[in-house]
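The values are calculated or read from the model by the stated rules, or taken from the named source; none is laboratory data. Bear in mind that the values here come from a model prediction, so they are computed numbers and not experimental data. Cβ placement follows ideal geometry from the backbone for every residue including glycine, while neighbour counts extend to all protein chains displayed. We work out accessible area using only protein heavy atoms, side chains counted, and drop any ligands, DNA or RNA first. Shrake-Rupley method; radii C 1.70, N 1.55, O 1.52, S 1.80 Å.
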Amino acid sequence: VEDLAVASPATVSRAGMIYMEPMTCIGVESFIASWLNTLPKASFGPYIQNLEKISEMLFAPLIHFVQTSVNEYAQSTWPNLMTSCFRIYNAFLEPFTTRPGEELAADKAELLREIHLPLLIFALTWSFGVTGDSASRKKFDRFLRDQIRNNSLQILLPEFGLLHDYEFAVEEKRWIAWQERAPVFSSQVTAANFGEMIVPTTDVIRYTYINKLLLSKSIHTLCVGPTGTGKSVVLTQLLMTGMPAEFMPIFFTFSARTSANQTQDLISSKFEARKRTSPQIWGPPVNKKFVVFVDDVNMPLLEQYGAQPPIELLRQYLDYKGWYDRKTREFFSIADIVLTGAMGPPGGGRNKVTNRFLRHFNQIAFPDVDDENMTVIFNALTEGFFK
């Protein structure tokens, strides 16, 4: 359990636990060391020491900054922020991973030498720097740039705008503004299709990119932000048209009345048996993966003891890679399922979600649309209507 807020005295008397504060008992350095041990030694060997040194310089100040200066839509924990950063960094490593005994090709080794540090800054920006609102992003950009400058780190950064406004293109070895990737909006806008138009703004491009990057590597994502910021639209469009062919979407919207049984029945109805003998394994068709998009994740009502049963069911899959058959009481494993979700900040019928659930996700905030993007949307729609 996350706490003993609703535990009876009898339960407390039987609960033996040792509380260990993560920051002082485990520490940032242990997380960094564990991550560096997972990097492919054949290609990253020359850079491990440098990565460790720079990570130790940046991570602790960034954690303190996020905890004290960022207005978050859903409260984060520092181990999750660090893990999110590592996941993003690792998502780029496939071209630089070799088989045992093989050496990295000379051209890739040279490319890795040039991009391994800018890639770390990109990962930091899209983990530590995307849990808060627009004002927090500006403060984060200034703080991270100051940390890099104060520590005399020689890392290539974009000169103008925020770090959030740029993608780091690995093959091109440079920062590219998201707007440079925007396709021309050429659709004919009519009164009938006006509400279905999606204008490729900077926000749409960058949120689509980061979700696709993570989901295609089977990393769970959670988009958090106020109503009307495009969370559901961006994810729906991505899952319907933007993912690789092996990914199959499942759409599900939580409400205040959604139950754990409804959630289990809907998702399980899509499964096929991978292995029927005990222990059973279920999942999507062979060579396919399901991406389950849950909208309004934090809408289910709290039950008597403060839990949200539909969320606890999803957490059981995330923790144990399966759940129980309600008829046979037998546990069965679930394979090749990726979760993505969208939710608003707590309040107005939405509830705070347990950190035991949130820790599995890369959290991506969708702040209110700014004036620049509003202008792009308005101009594109009016030009498409009158042309």
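Treating the beta-carbon of each Lys and Arg as +1 and of each Asp and Glu as -1, no other charges, what is the dipole magnitude of the chain about its Cα centre, to the nearest 20 debye? Could you put the intermediate results ahead of the total?
Working: 37 positive and 40 negative charges, 209 e Å.
In total the dipole reaches around 1000 debye.
Given only helices, namely DSSP H runs of n ≥ 4 each adding -39500 (n - 2.57), what is the per-residue ellipticity at 222 nm of the chain, to the nearest 500 deg cm²/dmol?
After summing the helix terms and dividing by the residues of the chain, the value is -12500 deg cm²/dmol.
Can you tell me which of 98-111, 256-269 comes out highest on packing, and rank the rest after it, using the mean Cβ neighbours within 10 Å?
On the way: 98-111: 11.3, 256-269: 15.3.
Peptide ranking by packing, descending: 256-269, 98-111.
Multiply the residue separation of residue 145 and residue 233 by 0.36 nm, subtract the distance between their alpha-carbon atoms, and state the gained length in nm to one decimal.
Taking 0.36 nm per residue and subtracting the Cα distance, the gain is 28.4 nm.
Among 226, 200, 243, whose Cα lies farthest out toward the positive end of the dipole of segment 181-305, if unit charges sit on the beta carbon of Lys, Arg (+1) and Asp, Glu (-1)?
Working it through, the farthest residue towards the positive pole turns out to be 243.
Which entries of 108/321; 212/270; 231/387 have Cα-Cα distances beyond 31 Å here? Please report the intermediate quantities before stating the final value.
Values: 108/321 35 Å; 212/270 22 Å; 231/387 29 Å.
Distance filter (> 31 Å) returns 108/321.
Determine, for each peptide in 55-62, 285-292, 337-344, the mean count of other beta carbons within 10 angstrom over its residues, then list the peptides with the highest first. Before the final figure, lay out the partial values.
Numbers: 55-62: 18.1, 285-292: 16.2, 337-344: 23.4.
In decreasing order of mean packing, 55-62, 285-292, 337-344 become 337-344, 55-62, 285-292.
Accessible area, 1.4 Å probe, largest first: how do 271, 378 sort? Numbers along the way, then the final one.
Details: 271 20, 378 135 Å².
Final ranking, largest accessible area leading: 378, 271.
Which of (i) 42, 22, 20; (ii) 42, 29, 26; (iii) 33, 29, 24 is the computed semi-axes √(5λ) of the Cα gyration tensor in Å for the structure on display?
Step by step, semi-axes √(5λ) of the Cα gyration tensor in Å for this structure corresponds to label (iii).
Quote the accessible area belonging to residue 326 in square angstrom, nearest 10, computed with a 1.4 Å probe and with ligands, DNA and RNA left uncounted.
Surface accessible to solvent at residue 326 totals approximately 110 Å².
Find how much the distance from residue 261 to residue 301 grows on full extension, using 0.36 nm per residue of separation minus their present alpha carbon separation; answer in nm with one decimal.
Working: separation 40, 0.36 × 40 = 14.40 nm, distance 1.43 nm.
Here the segment from residue 261 to residue 301 would lengthen by 13.0 nm.
Per residue, what accessible area does the chain have, given a 1.4 Å probe and all protein chains present, in Å²? Mind showing how you got there, number by number?
On the way: 19720 Å² over 387 residues.
The answer is 51 Å² per residue.
Taking the Cα centre of segment 166-229 as origin and charging only Cβ (+1 Lys, Arg; -1 Asp, Glu), how large is the dipole, in debye to the nearest 20?
Details: 6 positive and 6 negative charges, 38 e Å.
Charge dipole, segment 166-229, about its Cα centre: 180 debye, nearest 20.
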